[in-house]
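Reviewing the structure listed below.
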């Protein structure tokens, strides 16, 4: 039964993600992206990672998507020019991508058991804030510090580009 709910969440994520790309109206695309992010949070919750599920809902589906909605509403996006595409080329690219994804799905299923990785049990605190924090700030301390420096440089760059005056 648990697998059924996971597959429902996965199919909902795939359908809503494809709806993000295929929608003609920007607002519907943003709303489909919210459904995609919520279904990903659902999958995190089913994978015993409740902290990641809550962060996904609060940070991405909440704050960032509200920001996207405000930007879309402020820009009053109107379709000004028509984009001419070739349907035959689009179908060929889609067919190539579908075949590549099917090969990636079917190929591991046909592997012998000696090549397939053995399933291991999850650690007792898997997905908790404590285990995530201890791994991030011990094993991955340098990438976390570099990310902080990169974000600081980005904030300074935005302030310089936007012409913020010192008063």
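The values are calculated or read from the model by the stated rules, or taken from the named source; none is laboratory data. This is a predicted model, so every value here is computed, not measured. Virtual Cβ from ideal backbone geometry, glycine too; neighbours counted across all protein chains shown.
Of the conditions (1) under 14 Å from the mean Cα position of the chain (by Cα); (2) surrounded by fewer than 16 Cβ atoms within 10 Å (Cβ to Cβ); (3) farther than 30 Å from residue 126 by Cβ, residue 59 satisfies every one except a single condition; which number is it? Result: residue 59 fails condition (3) only. Taken over segment 25-78, the criterion of being assigned to a loop (DSSP other than H, G, I, E, B) and touching a residue at least 40 places away in the same chain (Cβ under 8 Å) is satisfied by 47, 48, 49, 77. For the structure I just gave you, tell me whether residue 91 is touching a helix residue (DSSP H, G or I) at 6+ places or on another chain (Cβ under 6 Å), surrounded by 10 or more Cβ atoms within 10 Å (Cβ to Cβ) and either at pLDDT 85 or above or over 25 Å from residue 131 (Cα atoms) (or both). Criteria not met by residue 91.
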